[in-house]
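See structure below.
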Ligand SMILES: Nc1ncnc2c1ncn2[C@@H]1O[C@H](COP(=O)(O)OP(=O)(O)O)[C@@H](O)[C@H]1O
Ligand SMILES: [Mg+2]
């Protein structure tokens with residue numbers, strides 16, 4: 001198998017507060033994988049740990065075959081990993097263009113211009129907002145900016161934490177279509193999503209987390225079709 005990411009029996013948390021109790025998860029090259037699960041079960045913590053922002057205690061984390069557990073975020077970015085956080089994912093007092101530049105700190109001016117034109121291609125809404133402060137953007141436009149910023153270093157593996165939370169159905173649909181398009185451009189995707197049905201419909205595989213563990217994994221369709229998982233996690237009883 002051609003794994004981009006392979007986490008084996010990973011334990012982690014925040015300093016001494018253990019949250020992740022042995023996670024096994026992999027993403028193959030070109031895959032779109034979604035993690036779902038109830039609030040507080042460690043989904044965000046897992047992504048943060050993969051990106052060097054939460055504490056790793058034990059277990060192996062391999063990126064394209066090399067061990068990266070405990071690596072610092074800047075080294076992970078240089079490897080081709082990028083991440084869109086769940087909250088506070090833009091700098092509200094900076095303009096759209098300044099936000100994009102913040103995502104391009106290691107890029108040359110021409111790479112930066114190239115990145116900005118790619119963002120505008122994917123999100124034409126941003127074109128006329130370049131000089132507006134991010135605080136003036138709608139929720140959907142902010143997510144577009146946050147995703148664009150994460151794409152500036154041209155990652156090969158992108159993690160996104162609930163990018164459609166609190167968006168209108170139209171924007172939810174659009175953002176997931178954009179993520180799917182990124183996958184078709186060859187970027188491997190690991191998504192945490194509350195709108196489970198919407199994202200699983202586009203995913204190859206899914207993981208269900210509970211209490212800092214994986215309680216189910218399989219083809220995305222097997223989660224969508226499983227009545228127990230469906231009732232609990234897909235919002236039928238929520
Ligand atoms: N910075 C932090 N320090 C300590 N505990 C945290 C921190 N962030 C989150 N937690 C705790 O970690 C647990 C898992 O949170 P989180 O990973 O955000 O869950 P999810 O994303 O699945 O809703 C929760 O109990 C939460 O209170
Ligand atoms: Mg979360």
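Each reported figure results from applying straightforward, stated rules to the coordinates on display, with no laboratory input. None of these values were measured; they are calculated from a predicted model. Methodologically, a virtual Cβ is constructed for each residue, glycine included, from the backbone with ideal geometry; neighbour enumeration extends over all protein chains shown.
Give me the percent relative contact order of the chain, please, defined on Cα pairs under 8 angstrom at least 6 residues apart. Kindly include the intermediate steps, with their values, before the conclusion.
Values: 464 pairs, mean separation 63.0, N = 238.
Computed over the chain, the figure is 26 percent.
Where does the chain land at 222 nm, in deg cm²/dmol rounded to the nearest 500, when only DSSP H runs of n ≥ 4 count, each adding -39500 (n - 2.57), divided by all residues?
When only DSSP H runs of four or more count, the value is -10000 deg cm²/dmol.
Can you tell me the 0 to 90 degree angle between the C-alpha axis of helix 109-122 and the longest principal axis of the chain, rounded to 10?
Tilt relative to the chain: about 70 degrees.
How would you classify the range 1-46 from its alpha-carbon gyration tensor, with a ≥ b ≥ c the square roots of the eigenvalues: rounded for a/c under 1.5, else prolate if a/b is greater than b/c, otherwise oblate?
Because a/c hits 1.5 or more and a/b fails to exceed b/c, the range 1-46 counts as oblate.
Using the alpha carbon gyration tensor of the range 131-203, what are the three equivalent-ellipsoid semi-axes (square root of 5 times each eigenvalue), largest first, in whole Å?
19, 17, 9
Which order, highest average first, do 21-29, 149-157 follow once you tally other Cβ atoms within 10 Å for each residue and take the mean per peptide?
Going from most to least packed, we get 149-157, 21-29.
On a C-alpha basis, how far is the centre of the range 155-189 from the centre of the range 1-52 in Å? Whole number, if you could?
Each part reduced to its Cα centre gives a spacing of 18 Å.
If you average over every viewing direction, what projected area does the convex hull of the Cα atoms of the range 1-83 give, in nm²?
So the mean shadow area of the Cα hull is 5.2 nm².
Does anyone have the angle between helix 139-151 and the longest principal axis of the chain? Alpha-carbon axes, 0 to 90°, nearest 10?
Relative to the chain, helix 139-151 is tipped by roughly 90 degrees.
In whole Å, what three semi-axes, largest first, describe the equivalent ellipsoid of the chain built from its Cα gyration tensor (square root of 5 times each eigenvalue)?
28, 21, 16
How much of the DSSP bridge set in the chain is antiparallel, in percent, rounded to the nearest 5?
Given both bridge residues lie in the chain, the antiparallel proportion sits at roughly 60 percent.
Return one number: the angle in degrees, 0 to 90 and rounded to the nearest 10, between the long axis of the Cα atoms of helix 169-184 and the longest principal axis of the Cα atoms of the chain.
Orientation of helix 169-184: about 90 degrees from the principal axis.
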